[in-house]
Structure formats: C-alpha cells, structure tokens
Amino acid sequence: MSEAGLLAQAHHQHDVLTPQAQASRLAAAFAKTAVQRDQAGGTPKAERDAIRASGLLSLLIPQSLGGLGQGWQPTLEIVREFARVDSSVAQVFGFQHLMLATVRLFGTESQWQPWFRQTAANNWFWGNALNPLDLRTTSKVHLGQREFHGNKSFCSGATDSDMLIASAIDAETGKLLIAAIPTARDGITLHDDWDNIGQRQTDSGSADFEHVRVEADELLTDPGPLSTPFACLRPLIAQLIFSNIYLGIAEGALAEARRYTLKQSRVWSGSLASEIQSEPYTLLHYGEFWVALEGARLLTNRAAELLDAAWNKAESLTLQERGEVAIAVTAAKVATTKAGLDITHRMFEVTGARATTAALRLDRFWRNLRVYTLHDPVDFKLKELGDWALNQQYPAPSFYS
C-alpha cells in the first residue's frame with residue numbers, strides 16, 4: 001500500500017476502530033511491503049506516519065491526559081502483532097512506549113504529565129539515544145548552561161522522531177545523566193549509517209551531539225534511574241518488549257512456513273506419505289515448533305500480567321514485587337530467544353530448498369531475530385534464573401535486568 005493509502009486508512013480508522021483492530025489493519029498493510037522494505041533498509045516513513053495517524057502512539061497514556069489508557073498487556077500484544085509481519089516497525093513502536101515509560105519512571109509528575117499530554121495531542125514519536133554502555137557522550141556546564149557533547153551508537157527509532165531520550169556522563173561526577181529533549185534541537189545530527197543483516201528499518205545508527213543544550217527540567221534525576229523499585233521496572237519493560245518482538249518474529253515465521261508447506265512443499269521421495277499434510281517428519285517438526293511457541297507464549301503473557309500489576313502499584317512497589325516481575329520477564333526472554341532462533345532456523349526443514357529463493361526472503365525472520373537477540377547475552381539471563389532456582393536470589397537491578 002502506498003504512503004497516502006496507509007495514512008488515509010489510519011485516519012479513517014482512528015475514531016471508529018478499537019486499538020487492536022487498528023493494529024490488525026496496519027499490520028496487514030505493513031505485511032504487503034515487508035519483503036521489499038527489508039531489502040531496501042532505511043526509515044519506514046510511511047509506516048511510522050500511519051501509526052501516528054492511528055493514535056496508537058498514546059496507547060499507554062492515561063485518558064485523563066488525552067491518551068488511550070491501555071495497560072502493558074494490550075500494548076505488548078500490538079507490538080507482537082506488528083512483529084509477526086515487520087519486526088523493525090515493531091521495535092520502533094515498542095521503543096515509543098519504553099521511552100514514555102522512561103520519563104514516567106525517572107521523572108517527576110510535573111515533567112512526565114506535560115510530555116504525555118503533548119505526545120497524545122501531537123502524535124509525537126519518541127526515539128532512543130540512551131545507550132549506557134556507550135560512554136562517548138559527556139555533559140558539562142558551560143556559561144551556566146548544561147550541554148551534551150559527543151557520539152552515541154544504536155539510536156533506534158531516532159530518525160523521524162519528535163523527542164529523544166538521551167544519556168551522557170557528567171564530566172565532573174562520572175554520573176549517568178538522562179534527559180528528554182526535542183530531536184530537532186540545534187546540535188543533534190542523526191546519521192543514516194545502520195546497514196546490518198537484520199532489523200534493517202529500525203534506524204539504529206549513530207548520533208552526534210555538538211554542545212546540545214539541555215534544560216534543567218529536561219533532566220530525569222528525580223528519582224532517576226535505578227533509584228526505587230518502581231524506577232527499576234525500566235529494564236524489565238525493555239526486556240519484555242524484546243520478548244514480545246522475538247515471539248512475534250517466531251509466530252510470523254511459523255505462519256509463513258505453514259503457508260508455504262501447504263501450498264508448495266513436496267513429499268520427499270523416500271517417504272511413505274502421499275501428501276505433505278500427513279508426512280510424519282513434517283508433522284514432528286511442526287509439533288516441536290508448536291510446543292516451543294506455546295510455552296514461550298504462556299511465559300510472556302504471564303510476565304505481562306505481573307508487569308501490569310507492578311506498574312499500577314507505582315511508587316508503592318516493593319523490591320520483592322519487582323523481583324517477581326524480574327524472574328517472570330527473564331524466563332520469557334530466555335524462552336522466546338531459544339524458541340525463536342530454533343524455529344526461524346529450522347523452518348526450512350519443513351519448506352524445502354525452493355523456499356530459499358531470494359524473492360521470498362524467508363531468511364529475514366532469522367536475520368531479524370539473530371540481530372536483535374544479540375542485544376544482551378541470554379547466558380547472563382540463564383545465570384540469573386539459576387541463582388533464583390538454587391539460591392532464591394532475585395536478579396540485581398541494572399540497565400539490562
């Protein structure tokens with residue numbers, strides 16, 4: 001569908017469809033161009049504008065602030081639905097809600113409420129320039145004005161965004177500073193240099209900050225990161241967004257494999273089966289795929305339930321309650337990673353050699369998942385779960401757990 005068609009459809013649906021129905025329509029449209037856009041890379045501009053027009057950028061924002069007032073469960077379900085057909089768009093969309101969660105968790109009410117209102121009223125897209133492992137951006141006070149200066153990598157969704165969550169290291173104290181700033185502010189340059197084998201339309205390239213002005217009320221220091229049990233939900237939200245995207249990729253891969261198997265695959269000459277629907281080894285593989293996905297789905301959905309309960313407790317959340325969410329999210333992350341990588345790799349065993357044609361680009365499911373699951377090593381997640389299983393120790397809050 002053309003950019004104009006996507007926008008017209010989204011505008012028409014905005015007031016007449018439920019958020020889930022809008023998402024389903026958008027996903028169907030995204031699927032039609034997913035193969036070509038995977039090859040092209042770059043910014044999914046038409047798709048981002050269609051999401052803007054749909055109103056889905058304010059899913060998590062309370063109705064009292066102009067948003068749709070949804071919880072994490074329905075929001076993550078939409079992230080997963082997009083990921084089934086286009087995991088790049090799903091990542092950019094998921095990060096929208098992670099960035100909004102960041103200002104809610106790290107900032108004061110007088111900060112996040114106006115940003116929420118403006119996001120809902122203006123359909124703002126939020127991008128990411130928060131990479132705590134990249135220490136090249138520093139912060140100083142110059143002539144009474146705080147500035148961010150340096151470079152940042154993996155700035156997913158920053159291109160075509162309206163607001164950025166950015167981080168820098170305070171040159172005097174060595175403390176990590178996080179701020180919410182307009183993407184168009186003087187001194188910010190976003191580079192179109194993301195050209196990886198997967199997640200090719202996430203705009204996860206680099207950014208330069210050239211003495212960028214940061215106002216005092218744009219700094220998220222009260223309570224700030226890793227400060228309270230509630231603030232420590234931020235990395236868990238990120239990990240659960242990842243899990244839903246991984247799961248969506250695997251579900252999309254299985255759906256494509258099933259479609260191809262039923263329509264195109266041939267029974268191997270050595271098989272006693274007369275048709276592919278009854279070929280025993282094909283059925284065995286599909287059975288294994290289903291079991292792996294069903295387990296991953298149950299774990300992921302349970303983690304979303306616990307996250308919603310923790311989110312609703314807000315500042316009254318205890319460290320133990322946060323720990324329960326961490327265990328559930330970590331289990332989901334491991335399960336979706338392992339099931340997804342297995343299915344996206346082995347799907348060719350049930351589709352056959354002809355399914356490897358470049359025209360189908362069925363390898364995009366594996367490429368997307370392989371790139372995204374390298375965000376942080378799953379081995380460390382298993383270690384955390386082992387520490388819980390053996391020693392009943394919750395994962396220690398960090399930017400990745």
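Read-outs: derived from the displayed coordinates by stated rules, not from any lab. Quantities reported herein were computed from a predicted structural model and do not represent experimental measurements. Because the Cβ atoms are built from the backbone with ideal geometry, glycine has one as well, and the counts that use them run over all protein chains shown.
The packing ranking, built from the mean of other Cβ atoms within 10 Å per residue, places the peptides 109-115, 53-59, 255-261 in the order 53-59, 255-261, 109-115, highest first.
Based on the Kirkwood approach, the hydrodynamic radius assigned to the chain is 21.9 Å, with every pair of different Cα atoms included.
Rounded to the nearest 20 debye, the dipole magnitude of region 3-125 is 60 debye, with +1 charges on Lys and Arg beta carbons, -1 on Asp and Glu beta carbons, and the Cα centre as origin. Evaluate the relative contact order of region 231-391 (contact order divided by residue number), counting alpha-carbon pairs under 8 angstrom at least 6 apart; express in whole percent. Reported relative contact order: 35 percent.
Taking 16 Å as the straight-line reach from the Cα of Lys175, the lysines in range (excluding those fewer than 8 positions away in the same chain) are Lys140. Classify region 3-125 as rounded, prolate or oblate from the Cα gyration tensor: take a ≥ b ≥ c as the square roots of its eigenvalues, call it rounded if a/c is under 1.5, otherwise prolate when a/b beats b/c and oblate if not. Prolate.
Computed from point charges on the beta carbon alone (+1 for Lys and Arg, -1 for Asp and Glu), the dipole magnitude for region 111-242 about its Cα centre is near 340 Debye.
Placing unit charges on the Cβ atoms of the charged side chains and taking the dipole of region 129-218 about its Cα centre, the candidate lying farthest along the positive direction among Gly144, Ala184, Asn196 is Gly144. Please tell me the relative contact order of the chain in percent, rounded to the nearest whole number, where contacts are Cα pairs under 8 Å and at least six residues apart. It rounds to 16 percent for the chain. Relative to the dominant Cα principal axis of the chain, helix 3-14 is inclined by about 80°. On a 0 to 90 degree scale, rounded to 10, what angle separates helix 72-85 from the longest Cα axis of the chain? Helix 72-85 sits at roughly 50 degrees to that axis. If the chain between Asp222 and Ala353 were fully stretched, how many nm would it gain, using 0.36 nm times the residue separation less the Cα-Cα distance? Extra length available between Asp222 and Ala353 comes to 41.5 nm.
Diffusion of region 129-218 by Stokes-Einstein, at 37 °C in a medium of 0.692 mPa s and with Rh set to the Kirkwood radius over alpha-carbon pairs, works out to 250 µm²/s. Evaluating 6.51 cos²θ - 1.76 cosθ + 1.60 at θ = phi - 60° for every residue in region 257-274, the Karplus couplings come out as 4, 4, 4, 5, 4, 5, 9, 10, 5, 10, 6, 5, 4, x, 7, 7, 6, 9 Hz, glycine and proline recorded as x. Here is how the number arises for the chain: DSSP H runs of 4 or more residues each give -39500 (n - 2.57), the sum is divided by the residue count, and the result at 222 nm is -17500 deg cm²/dmol. Residue exposure proxy: Asp186, Asp342, ordered by other Cβ atoms within 10 angstrom of their Cβ from fewest to most, comes out as Asp186, Asp342.
For region 104-178, trypsin sites (Lys or Arg not before Pro) meeting the loop criterion (DSSP other than H, G, I, E, B) and having at most 16 other Cβ atoms within 10 Å: Arg136, Lys175. Under a model in which nothing but the beta-carbon of Lys, Arg (+1) and Asp, Glu (-1) is charged, the chain shows a dipole of about 840 debye around its Cα centre.
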